[in-house]
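The values are calculated or read from the model by the stated rules, or taken from the named source; none is laboratory data. If you're wondering where the values come from, they're calculated on a predicted model, not measured in any experiment. Don't worry about glycine lacking a Cβ; one is built from the backbone with ideal geometry, like all the others, and counts go over all protein chains shown. Please note that ligands, DNA and RNA were not included when accessible areas were found on the heavy atoms of the full protein model with its side chains. Shrake-Rupley method; radii C 1.70, N 1.55, O 1.52, S 1.80 Å.
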Amino acid sequence: MVFPYMETVVGFMIVMYFFETYLDLRQHAAHKLPRLPKTLEGVISQEKFEKARAYSLDKSHFHFLHEFVTVVMDSAILLFRILPWFWKKSGNFLVLVGLNEENEILHTLAFLGGVMLWSQITDLPFSLYSTFVIETRHGFNKQTVWLYFRDMIKGMFLAVILGPPIVSAIIIIVQKGGPYLAIYLWGFMLVLSLVMMTIYPILIAPLFNKFTALPEGELKEKIENLASSQKFPLKKLYVVDGSTRSSHSNAYMYGFFKNKRIVLYDTLIQQCKNNEEIVAVIAHELGHWKLNHTMYSFITLQLLTFLQFGGYTLVRNSTDLFRSFGFDTQPVIIGLIIFQHTVIPIQHLINFGFNLVSRSFEFQADAFGKKLGYSSALRAGLVRLQEENLSTMNPDPWYSAYHYSHPPLVERLAALDEPDKKVD
């Protein structure tokens, strides 16, 4: 008798759906609260609070519908054996166009091409509604329909260009890997991630946004002085035209070793009332670098990736596992998809752990900025970002503990107001 792996996976998906819906309902109730938290009274205007409340409620209603449709579709795909049916149809397609369906690489690429097309079609109505109804209603969306579809086409084009060599390499590694398969897969993914982190900001990101050097002036001088004081190897300061798509704001840094770059959204520059607030936000980001948060996260991710591939090597030849999901053959890509489904419980626990660590890192980075003398400016900057992005003012504690990678504003302000503590 074959163990009901597939039914178990669907059962857990449904259990998690009800659990997360319960948390969503708690968050939805928190969105309805008519007053600001006491610590934010006088800090954030009632007008901004009402706008943020309306935005959060709109997103919440939409989220309920999207999650329901998603769990129904995902469960139906597994229960009605859509995956094995689609695998066979992709083989038939290859025969139709005169190619060999026994070639696993070609078969896999045909299968993934169909999956990508299906995903685009099923997700399109939700994406369009989110962008052109909700985001537009609340003043965030700035992109045209043409720009939206142009970005989507570019994304699909990149998938078609980059996907085949990556998928082909994975299949060959699995077929030839032998007893060291987990090491080979991990090594390949490590190199791939480093290559992508290198080429993405240089070759891919500019396909979607325009990056220009931050003009000479007080802001550039202050950021460069801050970076120099912390021995941060800053090579370039960029402004990205985020305002062409959205009025949400952000800042980030990237680069390896002594080739670091900082990118500011033009919306961040527009929204902050003075340069000191922007510099304080950068001080927070420098805290992540100085305290090695990025390195710790990267090493942890690599360890988890290796363990995941180790687990995959243990089950990849399980005939019962494939049979439970409706497959009478054992294609590499299907094995990876099935394995991802079977470790969903572990992934939820890992994501929860990552969020706990991430929130701790955010507090440490805030404390670092405070130590540099940016407490007041960072406080003002955090409030400004919360207001301008219409972020949730009254998060439910259970929901935020489970989902949030950043602490709620109330907690971050309270930590900044605490007496100084030593930052290692």
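Condition first: of a type in the set (Phe, Trp, Tyr) and surrounded by 17 or more Cβ atoms within 10 Å (Cβ to Cβ). Now tell me which residues in the stretch 346-362 satisfy that.
Going through the stretch 346-362, the residues of a type in the set (Phe, Trp, Tyr) turn out to be 352, 354, 361.
If the condition is that a residue be of a type in the set (Phe, Trp, Tyr) and surrounded by 17 or more Cβ atoms within 10 Å (Cβ to Cβ), then 361 is the only one that fits.
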| query | Is one or more of the residues making up the stretch 295-314 in contact (Cβ under 8 Å) with a residue 12 or more places away in the chain, surrounded by 15 or more Cβ atoms within 10 Å (Cβ to Cβ) and not in a helix (DSSP H, G or I)? | reply | no
| request: Kindly list the number of the only condition in (1) surrounded by fewer than 12 Cβ atoms within 10 Å (Cβ to Cβ); (2) in a helix (DSSP H, G or I) that fails for residue 215. | output: (2)
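Quick one: which helices (runs of 4 or more DSSP H) sit completely within the stretch 316-424 and have at least 3 residues that are under 30 Å from residue 290 (Cα atoms)?
Those helices (runs of 4 or more DSSP H) span 344-371, 375-388, 397-403, 409-417.
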| query | If we scan the stretch 73-92, do we find a residue that is of a type in the set (Phe, Trp, Tyr), surrounded by 12 or more Cβ atoms within 10 Å (Cβ to Cβ), within 26 Å of the chain's Cα centre (by Cα) and outside any loop (DSSP other than H, G, I, E, B)? | reply | no
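Listed residues 204, 171, 134, 153; which is touching a helix residue (DSSP H, G or I) at 6+ places or on another chain (Cβ under 6 Å) and closer than 17 Å to residue 245 by Cβ?
Values: 204 fails: touching a helix residue (DSSP H, G or I) at 6+ places or on another chain (Cβ under 6 Å); 171 fails: closer than 17 Å to residue 245 by Cβ; 153 fails: touching a helix residue (DSSP H, G or I) at 6+ places or on another chain (Cβ under 6 Å).
Being touching a helix residue (DSSP H, G or I) at 6+ places or on another chain (Cβ under 6 Å) and closer than 17 Å to residue 245 by Cβ holds for just one of 204, 171, 134, 153, which is 134.
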| task | May I ask you to list pairs of residues, at least six apart or on different chains, whose Cβ atoms are under 6 Å apart, with the first in the stretch 223-238 being farther than 20 Å from residue 274 by Cβ and the second being in a strand (DSSP E or B) and open to solvent by less than 20 Å² (accessible area, probe 1.4 Å)? | result | 238/263
| remark: Flagged in the stretch 9-41 as in a helix (DSSP H, G or I) and free of Cβ contacts under 8 Å to residues at least 40 places away in the same chain, in numbering order, are 11, 15, 18, 19, 22, 25, 28, 38
| remark: Pairing a residue in the stretch 100-129 that is within 16 Å of residue 83 (Cα to Cα) with any residue that is open to solvent by 50 Å² or more (accessible area, probe 1.4 Å), where Cβ atoms lie under 6 Å and the two sit 6 or more apart in sequence or on different chains, gives 107/101; 110/93
| field | Scope the stretch 130-172; condition surrounded by fewer than 15 Cβ atoms within 10 Å (Cβ to Cβ), in a helix (DSSP H, G or I) and hydroxyl-bearing (Ser, Thr, Tyr); matching residues | value | 136
| task | Could you tell me whether any residue of the stretch 187-196 is surrounded by fewer than 16 Cβ atoms within 10 Å (Cβ to Cβ), touching a Phe, Trp or Tyr at 6+ places or on another chain (Cβ under 7 Å) and either in a strand (DSSP E or B) or not β-branched (Val, Ile, Thr) (or both)? | result | no
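Of the residues 134, 77, 105, which is touching a Leu at 6+ places or on another chain (Cβ under 7 Å), at pLDDT 95 or above and not small (Gly, Ala, Ser)?
Details: 134 fails: touching a Leu at 6+ places or on another chain (Cβ under 7 Å); 105 fails: touching a Leu at 6+ places or on another chain (Cβ under 7 Å).
The unique qualifying residue is 77.
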